[in-house]
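Engineer: Encoded as structure tokens, here's the structure I'll be asking about.
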Amino acid sequence: MPQIQRILVTGGAGFLGSYLCEQLVDQGHDVICVENFFTSQKSNLVGLLGRPNFELIRHDVTQPIWLEVDEIYNLACPAAPGHYQYNPIKTIKTSVMGAINVLGMAKRCDAKVLQASTSEVYGDPEVHPQPESYRGSVNPIGPRACYDEGKRAAETLFMDYHRMNGVNIRIVRIFNTYGPRMHPFDGRVVSNFIRQALLGEEITIFGDGSQTRSFCYRDDLVDGIIRTMNSEDDFTGPVNLGNPDEFTIGELAQLVVELTCSKSQVVYRDLPADDPTRRRPDISLAKKQLGWQPRIPLREGLQRTIDWFRSINMADFRPPTPNF
Ligand code: NAD
Ligand code: UDP
């Protein structure tokens with residue numbers, strides 16, 4: 001049993017955050033979830049509300065907050081392109097001001113702080129697969145920039161607080177992750193394809209479906225995040241976390257149709273601007289430093305995710321709230 005810590009999880013009601021909170025609460029830690037419910041809902045926390053070592057605070061991370069904690073997982077940020085492009089100015093504020101606020105708290109409390117960064121810092125990569133040493137190819141003025149550049153600036157802030165103030169930091173670069181509690185209307189490819197297949201709607205492939213992604217199951221990913229937080233004190237990262245098995249979007253569509261036994265037809269739509277052509281993590285560092293690698297293959301993870309989609313009422317999930 002690890003020593004009980006007071007742990008803050010920002011964005012703790014989201015797809016990854018809610019599962020992370022569950023793992024930490026189950027380990028006996030005192031967990032505080034800070035959330036503004038932009039892309040999530042309280043139903044993600046039903047297993048946690050009422051637990052004596054879990055606390056929910058409705059709060060926006062662009063504003064300072066005064067808490068006493070030992071560890072911080074900074075996950076607050078819309079992650080799906082449709083969500084982060086909904087209000088791009090708010091997205092970059094969330095990344096940058098959210099980072100400044102958690103780093104200030106970590107400095108004051110002498111807490112360890114982990115940043116949920118992203119493979120998007122590599123942009124549309126010219127190096128394949130992507131190692132942490134690759135500096136990326138990001139369009140700073142395109143429609144994805146509010147997210148990509150916000151996350152890049154947050155990494156800069158983390159490194160500078162570490163170098164200037166000795167803050168104990170961790171940076172994880174998360175590659176495409178999927179699983180139960182994905183928002184069914186977030187527009188991400190896995191949630192779109194499963195929802196469309198289950199409802200008998202057309203399955204929308206953007207472009208010709210030859211672009212690739214590497215999909216990591218939620219439970220593997222959250223295990224990697226917790227291992228990174230608990231790694232040796234001189235290990236700051238950044239470290240890639242993701243599944244190195246690479247698939248084309250066309251292959252993903254076929255697999256979803258097969259697993260759902262759907263009669264849906266595949267249709268082709270325009271590829272969005274700046275859509276990365278290929279993406280696959282080099283996870284050598286995570287293997288060496290954390291003893292971590294994903295265990296759940298895509299077929300199995302998709303089946304679990306489909307089972308969850310079948311169990312929910314999709315009408316209970318709303319699109320992002322206006323005026324954020
Ligand atoms: P998500 O949208 O489900 O979770 C983000 C959570 O942050 C939501 O609950 C949202 O309401 C909350 N939030 C957003 N803005 C906020 C604000 N200003 N103040 C307080 N709360 C706010 O997305 P997710 O997939 O769970 O992603 C979690 C983190 O992991 C994000 O930082 C994301 O960038 C990162 N990440 C995820 C993936 C992935 O494939 N899921 C990939 C790379 C990086
Ligand atoms: N995509 C698609 N159909 C959809 C949604 C997404 O073909 O209905 C494509 C999208 O263009 C991209 C890939 O799937 O090439 C992954 O998209 P997602 O939004 O899930 O994540 P990201 O682009 O951020 O990796």
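Engineer: Would you confirm whether any residue within the stretch 164-171 is under 22 Å from Phe38 (Cβ atoms) and surrounded by fewer than 21 Cβ atoms within 10 Å (Cβ to Cβ)?
Structural biologist: Within the stretch 164-171, none of the residues are under 22 Å from Phe38 (Cβ atoms) and surrounded by fewer than 21 Cβ atoms within 10 Å (Cβ to Cβ).
Engineer: Go through Arg269, Arg278 for me and flag whichever is buried (at least 18 other Cβ atoms within 10 Å of the Cβ), of a type outside the set (Gly, Ala, Ser) and farther than 30 Å from Arg163 by Cβ.
Structural biologist: Checking each option against the conditions leaves just Arg278.
Engineer: I would also like to ask the following. Out of Val96, Val113, Val121, Val69, I need the residue that is assigned to a helix (DSSP H, G or I), touching a strand residue (DSSP E or B) at 6+ places or on another chain (Cβ under 8 Å), surrounded by 17 or more Cβ atoms within 10 Å (Cβ to Cβ) and not small (Gly, Ala, Ser). Which one?
Structural biologist: That would be Val121, the only listed residue that is assigned to a helix (DSSP H, G or I), touching a strand residue (DSSP E or B) at 6+ places or on another chain (Cβ under 8 Å), surrounded by 17 or more Cβ atoms within 10 Å (Cβ to Cβ) and not small (Gly, Ala, Ser).
Engineer: Let me ask another. Filter the stretch 264-288 for residues that are more than 16 Å from ligand 1 (Cβ to nearest atom) and assigned to a helix (DSSP H, G or I); which is farthest from Glu251 (Cα to Cα)?
Structural biologist: By that ranking, first place goes to Lys288.
One line per residue, one yes/no per condition, for (1) of a type outside the set (Gly, Ala, Ser); (2) away from ligand 2 (no atom under 11 Å from the Cβ):
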{"position": "Arg213", "(1), (2)": "yes, no"}
{"position": "Asp219", "(1), (2)": "yes, yes"}
{"position": "Gly224", "(1), (2)": "no, yes"}
{"position": "Ser231", "(1), (2)": "no, yes"}
{"position": "Pro244", "(1), (2)": "yes, yes"}
{"position": "Phe247", "(1), (2)": "yes, no"}
{"position": "Glu258", "(1), (2)": "yes, yes"}
{"position": "Lys263", "(1), (2)": "yes, yes"}
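Engineer: Restricting attention to the stretch 172-184, report how many residues are among the charged types (D, E, K, R) and surrounded by fewer than 23 Cβ atoms within 10 Å (Cβ to Cβ).
Structural biologist: 1
Engineer: Look at Thr94 and say whether it is β-branched (Val, Ile, Thr) and more than 19 Å from Val9 (Cβ to Cβ).
Structural biologist: So Thr94 fails the test.
Engineer: Among Gly47, Gly28, Gly12, which is under 25 Å from His83 (Cβ atoms) and away from ligand 1 (no atom under 15 Å from the Cβ)?
Structural biologist: Gly47
Engineer: Which is touching a residue at least 12 places away in the same chain (Cβ under 8 Å) and within 10 Å of ligand 1 (Cβ to nearest atom), of Ala197, Ala154?
Structural biologist: Ala154
Engineer: Given (1) among the aromatic types (Phe, Trp, Tyr); (2) farther than 30 Å from Pro244 by Cβ; (3) more than 14 Å from ligand 1 (Cβ to nearest atom), identify the lone condition not met by Phe38.
Structural biologist: The number of the failed condition is (3).
Engineer: Right, next: Could you please give the count of residues in the stretch 189-237 that are aromatic (Phe, Trp, Tyr) and buried (at least 19 other Cβ atoms within 10 Å of the Cβ)?
Structural biologist: Number satisfying all stated conditions: 3.
Engineer: Just one of Thr10, Thr39 is within 16 Å of ligand 2 (Cβ to nearest atom) and within 24 Å of Ser95 (Cβ to Cβ); which is it?
Structural biologist: Thr39 is the lone residue from the list that is within 16 Å of ligand 2 (Cβ to nearest atom) and within 24 Å of Ser95 (Cβ to Cβ).
Engineer: To continue, here is another question. Could you check the stretch 42-93 and list, in sequence order, the residues that are within 16 Å of ligand 2 (Cβ to nearest atom) and of a type in the set (Phe, Trp, Tyr)?
Structural biologist: Tyr84, Tyr86, listed by residue number.
Coordinate-derived values only; no laboratory data. Predicted, not measured: the structure shown is a model, and the values here were computed from it. Here Cβ is always computed from backbone atoms with ideal geometry, including for glycine, and neighbour counts include all displayed protein chains.
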